[in-house]
1. If you go through region 64-87, how many residues are part of a loop (DSSP other than H, G, I, E, B), of a type outside the set (Ser, Thr, Tyr) and either more than 15 Å from the chain's Cα centre (by Cα) or modelled with pLDDT under 95 (or both)?
2. Check off (1) loosely packed, with under 15 Cβ neighbours inside 10 Å; (2) touching a strand residue (DSSP E or B) at 6+ places or on another chain (Cβ under 6 Å) for VAL196 and give me the number that stays unchecked.
3. VAL19: surrounded by 19 or more Cβ atoms within 10 Å (Cβ to Cβ), in contact with a Cys (Cβ under 8 Å, 6 or more places away or on another chain) and not aromatic (Phe, Trp, Tyr), yes or no?
4. Would you confirm whether or not region 88-97 contains a residue that is touching a helix residue (DSSP H, G or I) at 6+ places or on another chain (Cβ under 6 Å) and part of a helix (DSSP H, G or I)?
5. Give region 235-247 a look and list any residue that's charged (D, E, K, R) and surrounded by 12 or more Cβ atoms within 10 Å (Cβ to Cβ), or say none.
6. For ALA32, state whether it is buried (at least 20 other Cβ atoms within 10 Å of the Cβ) and in contact (Cβ under 8 Å) with a residue 60 or more places away in the chain.
7. Give me the pairs, please: first residue somewhere in region 115-144 and in contact (Cβ under 8 Å) with a residue 40 or more places away in the chain and not assigned by TED's automatic domain parsing to the domain that holds GLN188, second residue anywhere and crowded, with 24+ Cβ neighbours inside 10 Å and among the β-branched types (Val, Ile, Thr), beta-carbon distance under 8 Å, and either six or more positions apart or on two chains.
8. Residue pairs, Cβ under 7 Å, 6 or more apart or interchain, first in region 184-210 and aliphatic (A, V, I, L, M), second surrounded by fewer than 14 Cβ atoms within 10 Å (Cβ to Cβ). List them.
Amino acid sequence: MTPEELIAVGLRYDVAGPVATITLDRPEVRNAQTPAMWRALAQVGQAIPEDVRVVVVTGAGETFSAGLDRSMLDPRGGGQGTETAAGLLALSDQEMADTIGAYQEGFTFLRDPRFVSIAKVRGYAVGAGFQLALSCDLRVVSEEAQFCMKESALGLVPDLTGTKPLVEAVGYSRALEICATARMVGAQEAVRIGLVQAALPGDQLDAAVEQLVGGLTAPVVGAVRATKQLLQGADDRSLEDQRRLEREAQVLRFREVAAGI
């Protein structure tokens with residue numbers, strides 16, 4: 001997509017060397033998300049260059065994302081060509097599921113082992129905003145950050161791929177409690193329960209993320225990628241399978257490092 005097309009759906013995308021930055025850029029509505037934004041995110045994910053090693057996701061202004069744009073829930077519709085909940089309800093069950101699957105692709109690309117993804121969160125990350133942050137490998141936040149899985153309060157479930165990483169981060173019981181109560185989780189609690197890596201004063205957040213990016217881009221290119229690939233799904237594999245994958249990955253690493261000497 002062109003920069004102008006991205007701006008039209010509320011996104012900015014910048015690449016500087018090995019670092020790509022995706023910014024939700026609708027500060028006037030606290031970076032509320034729309035289906036058009038999710039579809040654009042999926043296209044951005046497909047176009048990330050091979051030499052990018054870190055992807056930072058953030059929000060313009062003082063809010064990461066307040067979640068779903070409420071206009072999507074307006075039964076009167078949001079104008080011609082705008083996807084709304086009413087439009088979803090007009091579909092068959094399979095068509096609705098397929099459409100949600102397309103929305104999910106705007107989140108799943110952040111798990112790609114080619115790069116490490118970082119959510120840089122200021123202020124609120126609610127609903128879809130929380131799930132976007134959860135889609136990233138790492139989360140670094142300001143001290144005033146607040147997370148909330150709001151879907152249950154609307155009679156819905158989280159459906160933008162946030163449930164699995166939430167359980168992986170905090171465990172089943174805590175994840176259920178957070179989702180079912182739709183309560184706010186503050187930054188300090190988020191650190192304590194393993195939801196985020198660090199919570200810092202707002203004026204230190206940019207520098208902390210820059211330092212993290214520097215650490216992630218310092219090692220040999222393939223090492224971090226191979227490590228991410230090894231760690232993904234490690235909980236679901238047997239020790240024997242994990243040992244085998246470690247051996248196979250290390251053989252490849254030795255060969256590549258030796259070839260570069």
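1. Residues meeting the conditions: 10.
2. (1)
3. On the way: surrounded by 19 or more Cβ atoms within 10 Å (Cβ to Cβ): yes; in contact with a Cys (Cβ under 8 Å, 6 or more places away or on another chain): no; not aromatic (Phe, Trp, Tyr): yes.
Taking the combined requirement at face value, the residue does not satisfy it.
4. Checked against the condition, which is being touching a helix residue (DSSP H, G or I) at 6+ places or on another chain (Cβ under 6 Å) and part of a helix (DSSP H, G or I), region 88-97 yields at least one hit.
5. Once the filter is applied, which keeps residues that are charged (D, E, K, R) and surrounded by 12 or more Cβ atoms within 10 Å (Cβ to Cβ), region 235-247 yields ARG237, ASP241, ARG244, GLU246.
6. Details: buried (at least 20 other Cβ atoms within 10 Å of the Cβ): yes; in contact (Cβ under 8 Å) with a residue 60 or more places away in the chain: no.
No; evaluated as a whole, the condition is false for this residue.
7. Correct list of pairs: empty, since none qualify.
8. ALA199/GLN188
The values are calculated or read from the model by the stated rules, or taken from the named source; none is laboratory data. This structure is a prediction, so every number in the text was calculated from the model and none was measured. Cβ atoms come from the backbone with ideal geometry, glycine included; neighbour counts cover every protein chain shown.
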